[in-house]
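None of the figures in this text is laboratory data; all of them are computed from the coordinates on show. Note that the structure is a prediction, hence the values are computed from the model and not measured. Glycine also receives a Cβ, built like all others from the backbone with ideal geometry; neighbour counts cover every protein chain displayed.
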Amino acid sequence: MVTRRGTVVPPVMDFRALSRNSKKIRTSIVLGSDYERSEWIQLGEIMFRENDRNSRGTWLLGAYLSNATDFEHDAAWLFKMELIGVRFTSCEYGQTSFEGWIKSDNGEDFRIPPPDYNPLKHKGTSKCDGTAKEYCKRGEPHVIVPEGFYLPPENPELFNIVRGRRIEVTTGLYVKEEP
Ligand SMILES: [Zn+2]
């Protein structure tokens, strides 16, 4: 979609069903400039941290798939991307907000899947009952996504639309009931 000002807007993606704790935590990611803002991603729990050592100043924003691991029983990613210029903007009413710019120089690190992404429904998906202590790090039943789904695939088409653009992230306790 293209707005009146000629900005390309990617489709809204609802990852609530695939992300962790979406009944308790709600996160909204808005793609924006000073004049135009558009809802981009909705989900539950996110993870957000500054990269260490040589990558200080770049931040990792991502989310894990709910109750799913790769074949090594490590949590599998729903998405991840790198931000720069991160700035804390507010914390009020139980909601924390920050903004940042999508790092524009490396499409390999940009792993936002298409809206219909769902490795949990892949036919190669299996289950672990969580009881094998010698190799299961989870210790409770979970899904194992097929090899190659630890991360979503690269998405150069979407990366070219959003690279270098500002996002606003608001995350916190979910208090409103669904209508
Ligand atoms: Zn396991």
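Sites listed here are trypsin sites (Lys or Arg not before Pro) in region 90-179 whose DSSP assignment is loop and whose Cβ has at most 13 other Cβ atoms within 10 Å: Lys123, Lys133, Lys137, Lys176.
Non-local amide H neighbours of Ser19 (under 5 Å, H modeled in plane, Pro and chain starts lacking H): which ones? Those lying under 5 Å, H to H, from Ser19 are Gly44, Ser66.
For region 13-173, the ratio of Cα radius of gyration to the globular rule of thumb 2.2 N^0.38 Å stands at 1.07.
Using the Karplus relation 6.51 cos²θ - 1.76 cosθ + 1.60 with θ = phi - 60°, the per-residue 3J(HN,Hα) values for region 15-26 come to 9, 4, 6, 9, 9, 6, 6, 6, 7, 10, 10, 10 Hz, with x marking Gly and Pro. Between the C-alpha center of region 90-164 and that of region 1-73 there is a gap of 10 Å. Enumerate the calculated ³J(HN,Hα) couplings along region 50-64 in order (Karplus 6.51 cos²θ - 1.76 cosθ + 1.60, θ = phi - 60°), each rounded to whole Hz, writing x wherever the residue is Gly or Pro. For region 50-64, the Karplus-derived couplings read 6, 5, 9, 6, 6, 10, 4, x, 9, 10, 9, 10, x, 8, 9 Hz, x marking Gly and Pro.
Averaging the sequence gap over all C-alpha pairs within less than 8 Å and six or more residues apart, then dividing by the number of residues, gives region 13-173 a relative contact order of 27 percent. Contact order, relative form, for region 1-86: 23 percent (alpha carbon pairs under 8 Å, 6 or more residues apart, mean separation divided by residue count). Charging the Cβ of each Asp and Glu at -1 and of each Lys and Arg at +1, and nothing else, the dipole of region 26-179 about its Cα centre rounds to 120 debye. Take the Cβ atoms of Val12 and Tyr135, set R0 to 41 Å, and the FRET efficiency comes out at 0.60.
Where in region 56-79 does the amide nitrogen come within less than 14 Å of the point 7 Å from the Cα of Lys24, taken along Cα to Cβ? Residues 67 qualify, since their backbone N sits under 14 Å from the label point.
Sparsely packed loop sites in region 58-163 (the GluC sites (Glu not before Pro) outside DSSP H, G, I, E and B with at most 13 other Cβ atoms within 10 Å) comprise Glu72, Glu134, Glu147.
Straight-distance candidates among the lysines for linking to Lys127, with alpha-carbon spacing under 26 Å and chain neighbours fewer than 8 residues away dropped: Lys23, Lys24, Lys80, Lys137.
Report summary: the helix-based calculation at 222 nm, which adds -39500 (n - 2.57) for every DSSP H run with n ≥ 4 and divides by the residues of the chain, gives -1000 deg cm²/dmol.
In a DSSP loop and with at most 13 other Cβ atoms within 10 Å, the chymotrypsin sites (Phe, Trp or Tyr not before Pro) in region 43-126 are Tyr93.
Karplus-based coupling profile of region 115-120, in residue order and whole Hz: x, 8, 5, 7, x, 5, with θ = phi - 60° in 6.51 cos²θ - 1.76 cosθ + 1.60 and x standing for Gly or Pro.
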